[in-house]
Amino acid sequence: MTRRFSVPEGVWLRGSFAVLLAAGLVPPISAAAQVPAAREGDARTAAVDVLHYDIRLELPSEGRTVRGRTGILFELLEPGLRELPLDFGALTVDSVHVDGAAAAFRHRPDRLDVQLPPAERGARPEAVIWYHGEPVDGLFLQANRHGDDSVFADNWPNRARHWFPGVDHPSDKATVEFEVEAPSVLDVVANGYLRDAVQVGRDRTRTRWTVTAEIPTYCMVVGATDFAVTRVGEVDGVEVTSWAFPPDSAAAAAAFARAPEILAFYDSLFGPFPYEKLAHVQSSTRFGGMENSSAIFYDEKRVGAATGRGENGDDMTDLVAHETVHQWFGDAVTEKDWHHLWLSEGFAEYFAAVFFEFHGGEQGRGAAELRRRMAQAAATAISYFGETGEAVYNPGERDYLELLNPNNYQKGAWILHMLRRQVGDPVFFEGIQSYYATFRDGTAWTDDFERVMEEASGLDLGWFFEQWVRRPGHPVLAIEHAPAGRGRAVVTLRQEQQVAPFRFPLDLELGWRSGTRREVVSVQGLETSWTFETPEPLETVVLDPDGWLLHEVQRRSR
Ligand SMILES: [Zn+2]
């Protein structure tokens with residue numbers, strides 16, 4: 001997703017979300033949303049594997065009371081399991097059946113345990129839960145920015161539980177079908193493809209959407225309001241549509257004008273798009289954009305304000321690119337736990353920049369534009385490290401919203417950028433394709449990505465991921481040079497950061513009165529020296545002239 005609130009360049013206030021929350025700028029989030037996982041992953045995935053959600057909702061013509069029926073088809077992995085442990089918020093449970101027979105259940109805040117009949121490992125029962133109430137989170141029934149009725153789901157990180165029961169953890173993905181009965185004045189969009197929309201009674205319509213690939217619960221959404229639906233294009237048989245509030249149709253046309261071009265680019269870069277269609281939806285998400293599988297939700301105000309005349313000639317292109325990357329990374333290949341979020345946000349951030357590298361931005365097409373974007377990302381990541389001293393992988397963080405930080409976004413992007421420099425373009429892009437092909441519709445840890453890139457490159461990359469993902473900080477470099485006899489100079493590089501020395505390849509540009517030359521050196525220890533021959537006395541040494549290393553320079557004169 002994309003954070004909705006921009007942060008002044010170079011300043012990231014830890015807990016800024018909390019400040020906004022206190023100021024009433026963000027809808028309150030229930031304490032339940034911040035319940036930490038006991039450990040990485042979810043222990044329930046050893047006992048059950050949810051295969052499919054069959055979610056039927058009745059949306060009201062008036063008021064905010066929703067009626068729901070969620071069927072959960074799951075496979076038993078632990079023989080003799082007596083209770084199905086589900087996440088479920090405060091809606092009232094009316095009854096529960098397992099394979100058609102009434103089942104006992106215990107509903108306490110945030111948890112619904114359903115009693116199971118004895119069954120063998122590998123059995124595939126279906127639990128069906130009927131419920132009703134006014135959702136306090138996750139599903140928002142409210143007026144949109146034009147005062148029209150609207151209903152939008154907004155689940156990240158674990159708020160789906162407030163409107164349907166399930167295993168609300170990214171490690172347990174499943175397919176889903178939505179059947180939404182709503183007033184006919186509302187158009188309903190959801191994940192997957194439209195099965196049908198049938199009039200049921202005088203002014204109500206039942207709409208069914210099905211997604212056939214397994215997706216995380218945080219991406220399972222419905223949206224309903226009066227939409228102007230426009231076909232924006234088609235890429236490899238995948239229809240790209242825009243769903244906008246009618247008064248914002250022109251703005252949405254500007255906002256999503258490049259959506260097919262973006263989809264086509266990533267389709268060729270990563271491998272086939274994972275879903276049946278791609279809808280770009282104006283919505284009430286609290287995020288700038290939320291990458292719900294095949295139905296990306298965007299902040300209604302940002303879409304409404306789009307002019308097509310912003311940075312790079314289109315102020316939404318960056319956001320559309322970011323959320324579109326997520327369809328592959330985040331949605332199709334999902335981080336197995338929130339603490340590996342960089343596998344989602346770092347990828348979205350980096351490959352959005354790569355889109356502009358190939359299609360042109362402020363600096364035109366090519367390396368200069370990528371370098372400009374990565375320099376901005378570096379400033380943000382370095383500043384955030386100064387504030388927090390934290391590593392990208394930070395399993396101690398229990399407030400998942402705090403993970404929406406520059407470590408997972410900007411530094412995550414830098415990890416990919418440096419990996420690309422380390423292994424070279426062909427291996428890097430082949431490795432990314434292989435990672436997608438291997439883990440598509442599944443889940444991955446950072447170690448899984450590391451293993452794929454090691455296979456693609458034939459290199460041991462354990463040290464790379466250790467120093468950039470698990471260890472905090474970045475190199476702070478000081479460079480000196482001195483003459484070393486006729487036609488020679490000694491260049492000395494010191495790593496002066498507080499944390500242990502980093503290992504990296506480094507480009508140097510040596511300069512003398514009438515020319516320059518590039519050298520590539522390998523840096524490992526605290527201090528390294530190299531002797532270079534130069535045709536004239538060495539005058540300047542430029543570190544990392546093309547911007548491939550996340551670092552700071554310690555300025556000193558000699
Ligand atoms: Zn994102």
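Please go through the stretch 213-246 and give me each residue that is under 30 Å from ASP337 (Cα atoms) and touching a Ser or Thr at 6+ places or on another chain (Cβ under 6 Å), ordered by number.
Within the stretch 213-246, GLU214, ILE215, PRO216, CYS219, GLY223 qualify.
Do you know which of the residues in the stretch 189-233 that are buried (at least 17 other Cβ atoms within 10 Å of the Cβ) and among the basic types (Lys, Arg) is nearest to PHE287 (Cα to Cα)?
The residue in question is ARG208.
Just to be sure before I move on: is VAL136 under 27 Å from the mean Cα position of the chain (by Cα) and either among the β-branched types (Val, Ile, Thr) or farther than 18 Å from TYR53 by Cβ (or both) in the structure I sent? Explain how you work it out, then say what you get.
Details: under 27 Å from the mean Cα position of the chain (by Cα): yes; either among the β-branched types (Val, Ile, Thr) or farther than 18 Å from TYR53 by Cβ (or both): yes.
Criteria met by VAL136.
Quick check, is GLY308 in contact (Cβ under 8 Å) with a residue 60 or more places away in the chain, away from the ligand (no atom under 14 Å from the Cβ) and at positive phi?
On the way: in contact (Cβ under 8 Å) with a residue 60 or more places away in the chain: no; away from the ligand (no atom under 14 Å from the Cβ): yes; at positive phi: yes.
Considered against the rule, which asks whether it is in contact (Cβ under 8 Å) with a residue 60 or more places away in the chain, away from the ligand (no atom under 14 Å from the Cβ) and at positive phi, GLY308 comes out as no.
State whether one or more residues within the stretch 276-283 are surrounded by fewer than 21 Cβ atoms within 10 Å (Cβ to Cβ) and away from the ligand (no atom under 16 Å from the Cβ). Write out each step before concluding.
Initial filter on the stretch 276-283 (surrounded by fewer than 21 Cβ atoms within 10 Å (Cβ to Cβ)): 276-277.
Applying the additional criterion that residues be away from the ligand (no atom under 16 Å from the Cβ) yields 276-277.
For the stretch 276-283, residues surrounded by fewer than 21 Cβ atoms within 10 Å (Cβ to Cβ) and away from the ligand (no atom under 16 Å from the Cβ): present.
If GLN34 satisfies all but one of (1) modelled with pLDDT of 95 or more; (2) under 27 Å from the mean Cα position of the chain (by Cα); (3) of a type in the set (S, T, N, Q), what's the number of the condition it fails?
With respect to (1) modelled with pLDDT of 95 or more; (2) under 27 Å from the mean Cα position of the chain (by Cα); (3) of a type in the set (S, T, N, Q), GLN34 is out only on (1).
Out of the residues in the stretch 65-105 that are farther than 18 Å from ASN155 by Cα and aromatic (Phe, Trp, Tyr), state the one that is surrounded by the fewest Cβ atoms within 10 Å (Cβ to Cβ).
PHE105
Out of (1) buried (at least 24 other Cβ atoms within 10 Å of the Cβ); (2) more than 17 Å from GLY330 (Cα to Cα), the odd one out for PRO260 is which?
PRO260 satisfies all of (1) buried (at least 24 other Cβ atoms within 10 Å of the Cβ); (2) more than 17 Å from GLY330 (Cα to Cα) except (1).
Is the stretch 332-349 home to any residue that is more than 16 Å from the chain's Cα centre (by Cα) and either within 14 Å of the ligand (Cβ to nearest atom) or in contact (Cβ under 8 Å) with a residue 60 or more places away in the chain (or both)?
Pass one, the stretch 332-349, residues more than 16 Å from the chain's Cα centre (by Cα): none.
Checked the stretch 332-349: no residue is more than 16 Å from the chain's Cα centre (by Cα) and either within 14 Å of the ligand (Cβ to nearest atom) or in contact (Cβ under 8 Å) with a residue 60 or more places away in the chain (or both).
Please enumerate the residues belonging to the stretch 72-121 that are touching a helix residue (DSSP H, G or I) at 6+ places or on another chain (Cβ under 9 Å) and at positive phi.
Scanning the stretch 72-121 gives a single hit, ASP110.
Name every residue in the stretch 496-529 that is of a type outside the set (Asp, Glu) and either in the same structural domain as LEU461 (by TED's automatic domain parsing) or part of a loop (DSSP other than H, G, I, E, B) (or both), in order of residue number. Spell out how you get there, then give the answer.
From the stretch 496-529, those of a type outside the set (Asp, Glu) are 497-506, 508, 510-518, 520-526, 528-529; that's our starting set.
Scanning the stretch 496-529 gives GLN497, GLN498, VAL499, ALA500, PRO501, PHE502, ARG503, ARG513, SER514, GLN524, GLY525, LEU526.
Quick test for you: out of ARG494, ARG470, ARG486, pick the one residue that is loosely packed, with under 14 Cβ neighbours inside 10 Å, modelled with pLDDT of 95 or more and among the basic types (Lys, Arg).
On the way: ARG494 fails: loosely packed, with under 14 Cβ neighbours inside 10 Å; ARG486 fails: modelled with pLDDT of 95 or more.
Among ARG494, ARG470, ARG486, only ARG470 is loosely packed, with under 14 Cβ neighbours inside 10 Å, modelled with pLDDT of 95 or more and among the basic types (Lys, Arg).
Would you kindly identify the strands (runs of 3 or more DSSP E) lying entirely within the stretch 96-209 that contain at least 2 residues that are at pLDDT 95 or above and not hydrophobic (A, V, I, L, M, F, W, C)? Explain how you work it out, then say what you get.
Working: elements: 105-108, 111-115, 126-133, 139-143, 149-153, 174-183, 187-190, 193-199.
Ranges flagged: 105-108, 111-115, 126-133, 149-153, 174-183, 193-199.
Tell me, yes or no, whether the stretch 237-247 has at least one residue that is of a type in the set (Ser, Thr, Tyr) and surrounded by 17 or more Cβ atoms within 10 Å (Cβ to Cβ). Reasoning before the result, please.
Step one: filter the stretch 237-247 for residues of a type in the set (Ser, Thr, Tyr), giving 241-242.
Okay, now just the ones that are also surrounded by 17 or more Cβ atoms within 10 Å (Cβ to Cβ), so 241-242.
Yes; the residues of the stretch 237-247 include at least one that is of a type in the set (Ser, Thr, Tyr) and surrounded by 17 or more Cβ atoms within 10 Å (Cβ to Cβ).
Is it true that some residue in the stretch 393-401 is touching an Asp or Glu at 6+ places or on another chain (Cβ under 6 Å) and within 16 Å of the ligand (Cβ to nearest atom)?
no
Have a look at VAL520, VAL541 and point out the one that is surrounded by 14 or more Cβ atoms within 10 Å (Cβ to Cβ) and modelled with pLDDT of 95 or more. Don't jump to the end; show me each part of the working.
Values: VAL520 fails: surrounded by 14 or more Cβ atoms within 10 Å (Cβ to Cβ).
So the residue among VAL520, VAL541 that is surrounded by 14 or more Cβ atoms within 10 Å (Cβ to Cβ) and modelled with pLDDT of 95 or more is VAL541.
The values are calculated or read from the model by the stated rules, or taken from the named source; none is laboratory data. Since the model is a prediction, treat every value here as computed from it, not as a measurement. Cβ: placed from backbone, ideal geometry, glycine included. Neighbour counts: every protein chain shown.
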